Every structure is written in C-alpha cells, then in structure tokens.
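Okay, so here's the structure we're looking at.
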Amino acid sequence: MKNIYYIALSLACLTIVGFSGCENFLSEPVYTQPTSQYLVSSPEGMASTVTAMYYKDRELLRSNSDSESELYLILMMGDDITVPRAGEGIPQFGRCANLMSSNKFVANYWKQNYAMIGYANTVIGAMKNVDSSSPIAQQAEAEAKVFRAHAYLRLIQRYDNIYLTTTAATPENINDPVIYTPASPDSVYALIYRDLEDAVAVLPLTTSSPGRFTRGVARHIWAKAALHHHDWATAAEQVDSIEASRMYALLDQPWRVFDGADLNHSEAILVSQWAKAIGGWYTNTTTLTNNGHRMSLHFTPNYNQEAGMAIDFPSGGYPWGRLFPNTYLASLYDQANDKRYNDYYKYAWVYNNEQSLPRGKHLGDTLVAKSNAQYLNVHPMCTKYMDSWTKANANDAQSFKDVIVYRLAETYLMGCEAYWHLNRMDKALDYFNRTYTRAGNPSWTGALSLQDIADEHARELAMEGDRWNFLKREEMLLSAVRAHGGEYLVNDKGVELMADTAIRINIQEHNVRWPIPLTQIEIMGKSFPQNPGY
Amino acid sequence: MKKTLLFISFFFYTFVAWSQVNGVVTDADGEPLVGVSVLQEGTKAGTITDIDGHFSMDVPVGAKLQFSYMGFRTVSLKSSPSMRVRMQEDTQLIEEVVVVGYGTQKKSDLTGSVASVSADDLNATPTSSVAEMLRGQAAGVVVTENSMRPGGSSDIVIRGKKSINGGNAPLYIVDGAPVDNIDDLNAQDIQSLEILKDASSQSIYGARASNGVILITTKSGQAGKTQVDLNAYAGAQTIKRNFDFYNGDEWAQLKREANRSFVYDPVTGTYSGSYMDDESLFGNMYSNLLNRNYTDWESLMIHPAVQQKYDLSVRSGKEKSKIAASLGFYDQQGMIAPAAYRRYNGSFNSQFQLHKRVSLGFRFKYAHTRGTQEDGNIANILAESPLLSAFDEEGKMLNMLADGKWSPLWNNQNYINETKTNRILTNVTVDWNIWGGLKYHLNANMNLRFREQGIYQNRQHEKGSAMGGIASITNTAYEDYLLENVLTYEHNWEDKHKLDVTFVQSINAIKTTKNVMSGSGFSSDDLGYNSIASASITNPSERTITPRRLVSFMGRARYNLMDKYLFSLSARVDGSSVFGKNNKWGCFPAGSFAWRINQEDWLVDVQWLTNLKIRASYGLVGNQAISPYQTQGVVDGYYFKFGDNDAIVGYLPGTQLQNPNLKWETTGSLNIGIDFGFLQDRIMGTIEYYHSTTRDLLMLASINQTSGYTSQLRNVGSVLNQGVEVTLGFVPVKRKKITWDINITLSHNKNTILALNGDVDENGKPVDDLTNKWFIGHSIDAYYDYQFDGIYQLGDADINPDHSSYPQPGDIRVKDVNGDGQITPDDRVIIERAPLLTGSLSTSLNCYGVDLSLDFYGVYGAIKQNAYLYSANQGGDLHGNRNGMKVNYWTLENPSTTAPRPRDATIDYFSSLSYQDASYFRLRNLTVGYTFPKKWMEKAHISKLRLYFTASNVFTATKFLSYSPELSAGSYPEPRTFVGGINLSFN
C-alpha cells in the first residue's frame, strides 16, 4: 500500500510540471541563428550585413537558380561583336528572338538587384538605431550606398522604367498601400549621385580587403551612371578624379590583365572575388557542395567532340561553347600589331588525342573545319576567362578565377567618351591612347570619331559585359547590331561555316530595353506599365 | 469448499432430474482442445477436457453449460447427453475492439470513421515500408511511391491533400507516442493498425490531425502459454519496364535524323533532307559505330538483387507480468549497386500488475538502419548513348567517355553515401484504477533518433577529383519527449445509459539538432569520409537547432443509449510554439452521432440483417506542420573572402519576409457513413461520404520584389476535399476446411482549390499560381500546358509559309484552345493529375491447409507527365544526344502522327505530348502457402508451420510507359519481388 502513495505523489508532481509555465514553454527560443533584429541594432550588425551583401552580389556569377553562370553571360550578348551557339536564353538574348516578360533571366536580374537594394535600405535605415558617429556604422552605410547606387544603375541600364524605393521593408509596413509608378530617370540618377557622393566622402582610397568598395569604385560607378545619363561633365570629372588619385595603373602588357587566378592587380578597380577556399566560393546549402563559376566554359568551343581531340588546358579545358567573338570583332584589330588580337583570343586547335586521330592526321596538326557543325566546335574563342590556375584538372568545370568587373582601361575609355562629347579632343585622345598604345598600336593622332571610340571599346573590353550598355547609351545598339550582329562566314570551298545572322533581322526598337518581369508587373498593378513592345 | 459442492449437488439431486453428459470439444478445424473448462452455468460445478478433448459430467437435464478456453470465444450451450462443441478462436473478439485515440472502443460503438488493418494483411507485402504495406488496405488511404530505393518510403495521403505548404503526411501514433515517421518500424511487431479518417475521431489529436491519424499498437505479452514465432523470407528483386530504349543501330539512325538537314525547294514545292557524313557526325564515337560495338547501359547498371527478412519473437506471461520481445533483421540489396538497406530491430514490451489497482507498462523499441545510395541521377546512366563505351579495350572502366563527359558508372564506383540511424522509442505507462469507474493513465514517451549521413566523393570522382576528394558528415539528433495525463471515467446506468469521459493534458517537446562537417583535399581515399579530420580544406561547420513545442488539453464524452444511439463530443485545445505570439492557441471541437438501426426492436428479429448503422460527424482539425522560426525572421550566415584575407562571416535575411501573425491551418470536415452486414456478416461493408474544407492555408504570397523580398507566408488559402469511399467484404464459402473471402475497397476524392495566396489581377480577380500550377477551382495536383493535337504533315495547309521555322512538317501541332487563330500562352489547359478512383480487390482462399491470396490494386483517371517522352535529361528530346525511350518519330519517309521530327534544336511544344494516362491495374501480391496440419507438429511443440511463396508487383496493365506508373522518370526503379518464406510458431 505504501507504493501507491509514492506513485500518487510522483504523478501529482508530474501533473504540476505539466500544467505550469505554458506561455514560456511555447515561446520559440533561438539557438543557432541570429534574428534580423541583430542586423539593424548595432554597427557590427550593419557591417556584417554588408559583408554578406558582397556574397550576394557575387551570386550574379553563380547562384542556386543559376548553376551555370548563365545570367552573367546573358549580359554579354545581343551586341555587334559576338555570335552565340546554343544554351538557355541564347535565342532571346543572343538573337533577339521573342524575348518575353516571362523570361527567367529578365526576372532574375530584376530580383537580384532589388534584393541588393532591399539589403542596402535595411543597412542605411539602421543608421537611426545606432550611434551615427561610429566609424564602423559609417563605413557600412557608405558601402551599402554604393551597393544601392550600383543596383539602381544596373536596373535602369536594362529596364529603363523602374520603381524607386529607399525604405526597408518590414512585416509592419509590407501591407501599406502603395501605388507603383515608374520613377523618372532624373530621380533615379539623383539618388545614384547622392548615394555615391555620400560614399565618396566616407570610403577610403585603398583597402586591405580587395573586392571591398573604395572611393575609386564609387567614382567609377558614378562616371558610368553619368555617361548613361548623358551627363558628360560629371563623367569626365569622376574619371579625372580616379586618375588624379594615382591609385591605379595599367599593366604593361594586355595579356597580364587576365593572367592568373588572382586578378586584384593595379589595373583592377572592382573584382569579383573568387578563390578555392572558404568564403571564396558559392556554397549550395542543399547539397553542401562548394562551387566556382562557369565563365571559362562559356567561351570555349566543344573541340573535344571532334575525333582526335581530348580535353586539355592548352585547348581551353572543359568546354560548353556558348558565345564566341565574331568576324567583325576580329576585323577591328590591326592583326599584325595589336597584341590584343592574340592575347585575348584563341583561333586554332591542334590534334592532341592519339587514340581517336582521324585517318591521315598527326598529333599537332591543326584541325580544319569542313562544315558548320565542325566549325562551331573549333570556333575562335575569347580567352579572358580561361583558367588553368584554379582547376584541379582540365576536365574540371568549376572555375575559381577572379572576374574583373571594372578596370582602369574602362575608366580611361569612359573618360575618352565623356571628353569626346564635351568636344575636348585633346583629353579624349589622351585617354584613348592609354589602351590603344599599350596594345602595341602607334599613338592615334588624327581625328577621333565616336565610331573610333566604339571600336577601341570593342577591342579592349569585348566580352567583359559593357558592350551592350555602351551601344545603348550611345544610341548605336540598333544600327551596330543590324550591321554586324551574329556571324556569316564562308570558307574557300564555298561551305557556309557560319550563318547565324538572325539577330540582324530580329532586333527591334523595343530591344534597347528589357521587359519588366511579368510577375512583378502583375503585383505592381495597372499603375506600372509594361515597357513598350513587350 | 468440497463440502459445499457436495451439498449443492445433493440439493439439486433431490429436486431435479439429472443426466450424464458426454462430449468432445474441438476448435474450428475439428482438432480436439485440451483443458477446456466446462462449467454448469450459475453453479461452480465443472470439469475440464482431457487430451482427446473429451469431458463427462452429471448435470440437471436442460442445464446450460459454459465452455471457456484461453484464446477462444466462450460459448454457452444447453446440455444434451452427447455433445460436440466447436469453439471459435478469439480473433473475432480482437477485431471487434478497435483502438481509437486515448482508448479502445467496440467496433459496434464507433461513431466516427476508423479503418482497421490486420497485421497479417500488412505483412503480406515484402517491403520495409509500412506505408507501402498499407496500400489498398483501406478506402480513402492513398499510398504513392516516393522512393523505391531500398529503405525508401512511400507517401500516405488520407482523404486528399489538405495543405499546400504545411505537408500532407498523417500523424503516426505508435503505442500512444506521436512519431514523425514509421519507416524503421518492424511490421512484424505490429498488433493492430487503425486509421482515423474523419474529424470526430481525429480531433482529439487536434492540431496535428488534419491529415489523418494512423494508430499503431505493437504486440504485448499474454498470460498463459509461451509462444515463440519465427518468420523469415528470402528472395530476389528484378526490374521490369514496359518500353524499349533505342539499340545501337536505332540510336545511330536517330542521331543521323536529328542532324539531317530539312530544306524546302520553292521550285518543286517539296522538302528534302540530306544526312551528314557519319565520320564527322559521330566524331569520337565513329569507330564504335563502324564495329557495331554497342553498350547496353541499363544492363551495366541494373542487376537482380537479394531481399530477406528474419523475425523472432517471444510472448509469455503470468497473470501479473507479461512480456513480449522480438528481434528482426531486414536486408535489401539494391538492383543498382551500391544502393542497399539493412535494418535491425529489437523490442521489449512488458506489463506488471504492481498492486490490485496499479499497473505499470514499459515498452522499448530499438532500430538500427544502414542505407547506402548510388551516385547521381539514374537517368544519367540510362540515357548514355549506346555508342559510348564504358570500358576500354583492355576492359578497364573509363573515367571519361568519348563524348568528353564523365562516365556515370565511374562516378558511381567512386562514391560513398551512407546513412546510419539509431532509433529508440521508449514508453512508460502507469494505470491507476482510482475508484469505481475513475481511472488515471500516465503516458511518458521518449522518442530519440540519431542519424549520421556520410558522403565521400573520392579523388577519382568527377567532383572529388577537382577538390582532392570531398567528404561531408551530417549528424542529426531528433529528440521528442511527451508526457500525458489521462483521466477517464466510465459509468453504466441500468445497462441503458453508458457514459465515458476522458480528459487529457499533454506536453510535447521536440528538438532537432543538426551538425554538419565537410571538407576536401585528402591525401588518401582509404578511409572515405571518416578521414574528415585530415581534410586540407575544412569548411565551416554548421549547426542548427530547431525546437517545436506543443501544449494540449483535451476532453471527450461518449454516451451510449441502449446500444442504439451513440453520441460523442470532444474538444482539444493546442498551443504551438511555431505560430505567432497572438495565434499560438487553437481549439478543435468535434461531435458525432451513430444510430445502430439493427438494434431497434422492430429489426432485432430480422435474421439476415447482422448489422446496420448510420453515422454522422463534424469537427475541426488543425495542421501545424510548418517549419519553426517562420514568425521570427532568422538570418543566414555567409562567408566572404576578400582577396587573400581570411574569410569573414556576414548575415542576411532570406528572400522570405517573416510574418509574426501566422496561425493554424484548420480543416472542418463532415463525415456520413453507413455500415452494414448481412447473413452473419458473410456480406458486409461500409459506405462513407466526406466533405472537408481547409481554411487559413499557409501559402507563400508573392510580394513586390522591390521590397528586397520575394514572398511572405500567410494564412490565405483554402482547399476543399470531398469524396466517397466504399468497403465491401464477402465470404462466399465458410466451411470447416475451406474458406474464401473477398474484400474490395474503392475511393474517390475530388480536391478543389477554393482560394490561393490572395494575389489579385488588375481587375481584382484572384489570380492562379502559374509557377506552382495551382488554379482556383481545380485540384492541387495539376499540370498546365499546351494540348497536343498531332504532328504537322507534308502538305498541311497551315505550315509556315517561310518553310524554315515553326510550324514545319514534323513539328508538333497544339490546339488553339481559345480559337483566336494563334497559339499563345492562353492556349494552355489545366490537366488534372489526381486519380478519379483508387481501389483494391483482395481475395484469399484457404483450402485444406493451402492458402492462396491475390491482391489487386488499381488507379483510374490519373494523368502523369512522362519525362521519357520529351526531356533532355531522360533522353526524350530527340536531339540524338542521349538515349531514351524508343518512339515512332517523324521523318520524311515515315510521316508519324505521334512524335515529331528529330533535330538537334529545340522542338516547340514538346512537353505537350508527354501527358499520359497513368491509370493502372496491378496484381500487387500473389501468395501461395501451405500450413502443415497441427497434429503432425505437436510433438515438436510446433503450433504452426506454414511455407509460402509471394510474388509482388506481378503484372501491371497501364498505358504509362516507364519502370513504374507512379514514379518519375529517372528515379530508382520499382522492383518486382519474388520471395519464399516460412512462418513457424512454437508453444
């Protein structure tokens, strides 16, 4: 009988434990992840947000929804100096065929940039919660402003009509009624200018953290925005300031610019930081794999599909063959003297696989294409992204080589462009000759036309992501693409090696901007119109 | 005592005529029963039967005798001089009591919808998955294959999908403990399995019950004889498919066709096409083409494999202590090495009567599993070109194939992916008979699961070679503690009014802790992922802890009036940690009523009517299956490395904006049912109708991306499920040596989305979710695509006048649904995927010890997209790059109407021809067994010896071309299994 009292007693205890403390028990404790409150309540939280923003910014080159680095490639096509082969988005962007507002790249680029703006707004909005004299907070705010200005510039370049917001979204304000209307370009540029002006005042000239924004980066973006706004004087002023800062210098040889895994050299202004190490790669949180970008694959033709060919580094490593330089681009070089003609491209492939050599061929013989299919497999390629440094072997599809976003050569060409419009030919020529003579050409002394600048832009910056923007801001996009887009090539036997000129016919007035993503148009409602033509 | 007996006997002798009764007591099969107690009713006079089942006693003429025997139904008979008594085994009694939430109930007293499945029916299917065993066993329970890899699982959906983001898996309760999965449960340990299908039976599980509840009770010890059971089977799994791949010659021709030109000659008005020369077309594969050196990739990958299971159990006990213990071993090798699964189970159940009012129960279950997986997508291997060699001339496996891609076979052999799980489920119960009908029950559960997954891509593997080997180890600890206080009160008034009341208070705390280590750069492959400590690059370790807590109060009253009118009322109040501060608590009431018509006076004498009952119920149940932290907005860490500096970590919120106001999804459901039984239940059945509306569905609403976020979880959606279920049982023959029974289930469910995330179009009309293919007014399971309308043929009037772009002859024609003369996205149509009808038919015949059973299972009206018919990954794209399902494609010479012209370019609207009728009818199980007669075995103390053979997944009639009509192309194929087995019992 004694037992029963013990049991009763212990049961009573358990019951009391059971009933007590419900509300505390039901609160949801946080163990391993900070909450978003942390990010906006201290200078350190702001700085940590900005650090993660660099990671997010790098997702332009590789993200979960873009495991093939396609978006970054898309930004390089649809111009007068490239010809695409195949791949997702190639018809719509590489040949201007039926680009629709439902296109995933149109949606992803919008989303990516507005996500950066949303983070930036959060950081900038946090200033009111913290001690505004804190240098950490001020630095974070300045970097956030560069991110915001950069994202708005990228948006207005591609979409023209965008929504302007500087307020951080919260669960409390997300349901506030908003009438969405496109911002006037003036108001967008005003914000970009203001953000960059603020940033220039705070950011240091140099940093021990390559990849982090400096005053030079802010000024470069500012110059670019000004060119887009046809505000030539501001652009010239920013370029001059960069030059006056003496922080950068052109490398002596063109080939050095893209030589190596680490491209944080004196010519680099902003470099997308990649490394085969923690923090240097994209981590897929689902598969727990660490990945590089795929830029080296896009430009290398599928030479390995030819008999007698095997993958090796001299041939370009693992290939996807999606975008090639066209014959028009090749024709712009003084092929004998301009070093870039050979430094930035590869033209021929030699047999390297004894096992499958075609009859009558020897190792080291150059493969000569006899048909269109074969030519596509040995098409001349751009070597700026070629990577034999970070890949474990030639079959490796991942690259951890840095990607240059902005470099001094572009700054100079922007200076040239700005001064040409300001009709200051001395200054324009001076900036023009920086890259032109480095490449081994004699100094340009004669009259300089806008077409000459466009040609030098192509020669120096081909496949670096600015060609489309340049043509657009100079209102040359339609005429240049209609004249030179795609590629048509016949060999001496009359075989059409290349006949891909659809873009010349397809491109229309509305192709100078992208459509607003369909889902976003639907959410924003009638007040926000679709871009004309879509 | 003896004196008293004598006295009574004497007393009767004086007044009543006496006679001697002689008799034999046997079981249903006519086997004599030893030790049956024979008692004259109303007295203590009695005897027991001898070894031949004989008894003899003197009783007054016309006295009633009661025969009782452990495990058999007690019978009462009027005495006669020579009696032959056949006793029925007690199974009927067990069946009649069903387990319901927090208690048991006589089946005849049920007011809700509860389906019971017997352990034998479960174990008839040779698989490790209890879910797969449940297929076809109960109407309204739809089981769909999820993964057929050894150790894989199937999804159970009860009465339609009710949630879009909150999950649709039912709640499993094993011996009173809610568990999140039953995949590692040994089905041989199961005593009974009940499925609670309507809200009135579910609602006592409140917030977690909206997807239905499956109650599993494991075997307990029994007082009396000791029983030892040994069950074993072993057999083989083989592959089957109902389509062909291209062989080498056919594939080469496909590639030629895909690269053939297609030119229109405006002068003659005809099309022509010239082939490329083979040498430049086939490149590196050319020599294999010349030598017809073809590779059958399927046979390199898939081989027959072994499957076996051994179970041993002991059940024993005395009146005050009972035990049941079991050991089990399950082993399934993969048809695709190295996929395999092994499971070791142990269980120990005991009950002790501590005091006349108090008993203690202790249950312990342990499972250890080890599963291994193959590398990559199976489609990668199947779709390899037959012209690519997997081995070089010396027979060595190639790492790179001639097309410059890594060999999937090579990668698979340089890959380790194993998962080990240790699971402990313990449960302590105390029952205290406080006073009268008042009882207290304590249920304390601890459910622990520790899982370790190790992956190693070695230094030869495609990915591993780039990093010097990649290893990762993920440890997950799942801890689930439950404490329940249950108070019940039962009372009968004059046998007319029976009332029982139950109160439950429970707290449940669940915590999942996950640690991930990963690294790369190893100097040796020998130790696999276990050498992670010597990685030259160690990734940051990861750790996440997710808590989930639940506090509940439940009350239920059941009232039985004269065994005719049955009422039940219940309510559960649940508080959950995963919801917003102001919405943590939810209340889930339910009520039900049943009328046993056959108990009415005017029907009681109708002999052919054994049972007739109508039932109705309505109640609310909830769903809390969203991930923790959705209301709080936690941030994720990202590492970034500036130049050569060390990486630093930063934090950002995700793309989903938190919502502090989230609350329960609530399902209100009505159930109406009728149960009937005729001719002593030789014909019986149940017909039910249900109508359940789920509100406040948690849905991701898109928000303007200019906010920096893309979506927010909100309680906005609504889904309706309604359906009819029919269960029928027939026993056409029920004789001593021959029984035959037939069981049929049929279920129909219609799922309709009533409201989505609340987004509206410019006219304020709610918009459908095209991304997820959710359409208001249609089923959650839908496709949205163009409608295939044949192939453009030479001479068709509406081909493109430019003759060089779509539509050309050989292109796919799709229907201009809205008739506006052009094909636009508006011409896409909604294609409902969910089946109209699922059903099963099972029949078993027992004849002189031989048993034969057949289980058929069918699905009617399901549509499924078949990736083999169009997808590049599955080789269906007709690009001539990968091998795939052989189709009758269009060429100039072969004007097919079913598949387009191959080409190495995008084929427009290709997916429109991929929707196939996935209805099927399958002989799921065929079992033939023989049970040896008991008398042969008695000397060896064997009470049962049965040998059997089972073939499962025997044949399938379907139009859907694949390895299985339920699985997506490229998933691990479903096996056809043949096993031989033995059931052996000693006592």
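The numbers here are math on the coordinates, done by the rules we state, and not lab data. The model shown is predicted, which means the values in this text are computed figures rather than measured ones. For neighbour counting, all protein chains shown are included, and Cβ atoms are generated from backbone atoms with ideal geometry for every residue, glycine included.
What ranking, highest mean first, results for peptides A:472-485, B:168-181 when packing means the other Cβ atoms within 10 Å averaged over each residue? Walk me through the intermediate numbers first.
Values: A:472-485: 18.3, B:168-181: 20.8.
Per-residue mean Cβ counts within 10 Å order the peptides as B:168-181, A:472-485.
At 7 Å along the Cα-to-beta-carbon direction for both A:Thr167 and A:Arg194, put a label point, then send me their distance in nm to one decimal.
Each label point is offset 7 Å from its Cα along the Cβ direction, giving 1.5 nm.
What do you get for the angle between helix B:2-15 and the principal long axis of chain B? Use alpha-carbon atoms, 0 to 90 degrees, nearest ten.
Tilt relative to chain B: about 70 degrees.
Helix B:248-258: angle to the longest alpha-carbon principal axis of chain B, degrees 0 to 90, nearest 10?
For B:248-258 against chain B, the angle is about 50 degrees.
How large is the dipole of chain B about the Cα centre if only Lys and Arg carry +1 and Asp and Glu carry -1, each at its Cβ, rounded to the nearest 20 debye?
Approximately 4680 debye in magnitude.
Length gain on complete extension for the stretch A:Ser479 to A:Asn393, per 0.36 nm per residue less the alpha carbon to alpha carbon distance?
Working: separation 86, 0.36 × 86 = 30.96 nm, distance 4.30 nm.
The span from A:Ser479 to A:Asn393 would gain 26.7 nm if fully extended.
Given C-alpha coordinates of the range B:111-186, what is the ratio Rg to Rh with the Kirkwood estimate of Rh?
On the way: Rg = 12.6 Å, Rh = 13.4 Å.
Here Rg/Rh amounts to 0.94.
Taking N as the number of residues in the protein assembly as shown, what is its Cα Rg relative to 2.2 N^0.38 Å? Display every interim value, and only then the final one.
Numbers: Rg = 38.4 Å, N = 1521, 2.2 N^0.38 = 35.6 Å.
Rounded to two decimals, the normalised Rg is 1.08.
Greater than 20 Å separation of Cα atoms is the criterion. Which listed pairs, A:Lys145/A:Lys427; A:Lys224/A:Lys472; B:Lys320/B:Lys944; A:Lys224/A:Lys339; B:Lys106/B:Lys498, meet it?
Numbers: A:Lys145/A:Lys427 31 Å; A:Lys224/A:Lys472 13 Å; B:Lys320/B:Lys944 27 Å; A:Lys224/A:Lys339 27 Å; B:Lys106/B:Lys498 13 Å.
Where the Cα-Cα span goes over 20 Å, the pairs concerned are A:Lys145/A:Lys427; B:Lys320/B:Lys944; A:Lys224/A:Lys339.
First obtain the Kirkwood hydrodynamic radius of chain B from its Cα pairs, then insert it into the Stokes-Einstein equation at 37 °C and 0.692 mPa s, and state the resulting D in µm² per second as a whole number. Spell out each step's value before the answer.
Details: Rh = 32.6 Å.
Calculated translational D: 101 µm²/s.
Using the Karplus curve 6.51 cos²θ - 1.76 cosθ + 1.60 with θ = phi - 60°, work out ³J(HN,Hα) for each residue of the range B:711-722 in order, rounded to whole Hz, and write x for Gly and Pro.
Per-residue couplings from phi come out as 7, 8, 6, 9, 8, 10, x, 8, 9, 10, 10, 9 Hz.
Could you sort out which of B:Lys197/B:Lys514; B:Lys405/B:Lys815; A:Lys56/B:Lys765; A:Lys56/A:Lys384 sit more than 29 Å apart by Cα distance in this structure?
Numbers: B:Lys197/B:Lys514 34 Å; B:Lys405/B:Lys815 39 Å; A:Lys56/B:Lys765 36 Å; A:Lys56/A:Lys384 24 Å.
Checking Cα-Cα distances, B:Lys197/B:Lys514; B:Lys405/B:Lys815; A:Lys56/B:Lys765 exceed 29 Å.
Quick one: what are the phi-derived ³J(HN,Hα) couplings along the range A:203-210, Karplus 6.51/-1.76/1.60 with θ = phi - 60°, whole Hz, x for glycine and proline?
Coupling constants for the range A:203-210: 5, x, 6, 10, 9, 7, 10, x Hz.
Could you list which residues have their amide H under 5 Å from that of A:Asn291, counting only those 5 or more apart in sequence or on another chain, with H placed in the peptide plane?
Hits under the 5 Å cutoff: A:Tyr282, A:Thr283, A:Asn284.
Along Cα→Cβ, 7 Å out, is where each label goes; now give me the distance between the ones at B:Asp29 and A:Asn423 in nm to one decimal.
Going from the B:Asp29 label point to the A:Asn423 one covers 11.4 nm.
Based on Cβ point charges of +1 for Lys and Arg and -1 for Asp and Glu, what charge dipole magnitude is obtained for the protein assembly as shown about its Cα centre, in debye rounded to the nearest 20?
Numbers: 138 positive and 158 negative charges, 1219 e Å.
About 5860 debye.
Helix-only mean residue ellipticity at 222 nm, chain B, DSSP H runs n ≥ 4 weighted -39,500 (n - 2.57), per residue, nearest 500. What is it? Don't skip to the end; give the middle numbers.
Details: 14 runs with 85 residues, N = 987.
Helix-only estimate at 222 nm: -2000 deg cm²/dmol.
Considering only the other residues whose Cβ falls under 15 Å of the Cβ of B:Thr226, what net charge follows from Lys and Arg at +1 and Asp and Glu at -1?
Values: positive: B:Lys219, B:Lys225, B:Arg315, B:Lys318, B:Lys322, B:Lys944; negative: B:Asp229, B:Glu319.
Around B:Thr226, the charge tally is +4.
Check A:Leu263: other-chain or 5+ apart residues with amide H under 5 Å from its amide H, H built from backbone geometry?
A:Asp402
Can you give the Rg and Dmax of the range B:44-196 based on its C-alpha atoms, in angstrom?
Answer for the range B:44-196, Rg first and Dmax second: 22.4, 73 Å.
How much FRET efficiency would the formula 1/(1 + (r/R0)^6) give for B:Ile738 and B:Ser80, where r is the Cβ-Cβ distance and R0 is 41 Å, rounded to 0.05? Intermediate results must be reported in sequence, preceding the final value.
Details: r = 28 Å, r/R0 = 0.68.
Result of the calculation: an efficiency of 0.90.
Quick one, can you get me the convex hull of the C-alpha atoms of chain A expressed as volume per residue in Å³?
Details: hull volume 112.7 nm³, N = 534.
It comes to 211 Å³ per residue, whole-number rounded.
Take each of the peptides A:400-407, B:535-542, A:340-347, B:933-940, average the number of other beta-carbon atoms within 10 Å over its residues, and list them starting from the highest.
Details: A:400-407: 23.8, B:535-542: 16.2, A:340-347: 19.1, B:933-940: 11.2.
Ranked by mean Cβ neighbours within 10 Å, highest first: A:400-407, A:340-347, B:535-542, B:933-940.
For the range B:481-493, just list the computed ³J(HN,Hα) in residue order, Karplus coefficients 6.51, -1.76 and 1.60, θ = phi - 60°, integers in Hz, with x standing in for Gly and Pro.
Karplus values, whole Hz, x for Gly and Pro: 10, 9, 10, 10, 10, 10, 10, 10, 9, 10, 8, 10, 10.
5 Å is the cut-off here: which amide hydrogens, built 1.01 Å from N in the peptide plane, fall below it relative to B:Met83, excluding neighbours closer than 5 in sequence?
Amide H neighbours of B:Met83, under 5 Å, 5+ apart: B:Asn22, B:Gly23, B:Val24.
To the nearest 0.05, how large is the calculated FRET efficiency for B:Phe955 and B:Asn181 if R₀ is 35 Å and r is the Cβ-Cβ distance? Could you put the intermediate results ahead of the total?
Working: r = 31 Å, r/R0 = 0.88.
The formula returns an efficiency of 0.70 here.
Could you work out the local net charge near B:Ser844, counting Lys and Arg as +1, Asp and Glu as -1, over the other residues with Cβ closer than 14 Å to its Cβ?
Details: positive: B:Lys734, B:Arg924, B:Arg946; negative: B:Asp120, B:Asp121, B:Asp741, B:Asp851, B:Asp855.
Here the charged neighbours net out to -2.
Residue separation times 0.36 nm, minus the C-alpha to C-alpha distance between B:Asn291 and B:Arg543: what's the value?
Numbers: separation 252, 0.36 × 252 = 90.72 nm, distance 5.57 nm.
Working it through step by step, the gained length comes to 85.2 nm.
Helix check for chain A. Which DSSP H runs span at least 27 Å along their own axis by Cα, with a mean Kyte-Doolittle hydropathy no less than -1.0? Working shown, then result.
On the way: long enough: A:104-126 (33 Å, 0.05); A:135-159 (35 Å, -0.32).
Those that pass (Cα extent of 27 Å or more, hydropathy at least -1.0) are A:104-126, A:135-159.
Note down the nm distance, to one decimal, between modelled labels 7 Å out along Cα→Cβ at B:Thr610 and at B:Asp265.
Spacing of the two 7 Å Cα→Cβ label points: 8.1 nm.
If you take each beta carbon of peptide A:46-53 and count the beta carbons of other chains within 10 angstrom, what is the mean?
Values: counts 0, 2, 8, 5, 3, 11, 12, 4.
Partner Cβ neighbours, averaged per residue: 6.
P(r) tail for the range B:648-766, what percent of Cα pairs lie past 16 Å?
On the way: 5246 of 7021 pairs.
Pairs farther apart than 16 Å: 75 percent.
Want the number for A:Leu357 to A:Lys339: 0.36 nm per residue separation, take away the alpha-carbon distance, what's left?
Details: separation 18, 0.36 × 18 = 6.48 nm, distance 3.29 nm.
The A:Leu357-A:Lys339 span can extend by a further 3.2 nm.
What is the mean number of Cβ atoms from other protein chains located within 10 Å of the Cβ atom of each residue in peptide B:540-546, rounded to a whole number? Before the final figure, lay out the partial values.
On the way: counts 3, 0, 4, 3, 3, 5, 4.
Mean shielding count: 3.
Can you give the FRET efficiency for B:Asn818 and B:Arg946, using 1/(1 + (r/R0)^6), R0 = 51 Å, r = Cβ-Cβ distance, to the nearest 0.05?
On the way: r = 63 Å, r/R0 = 1.24.
The pair B:Asn818/B:Arg946 has a calculated efficiency of 0.20.
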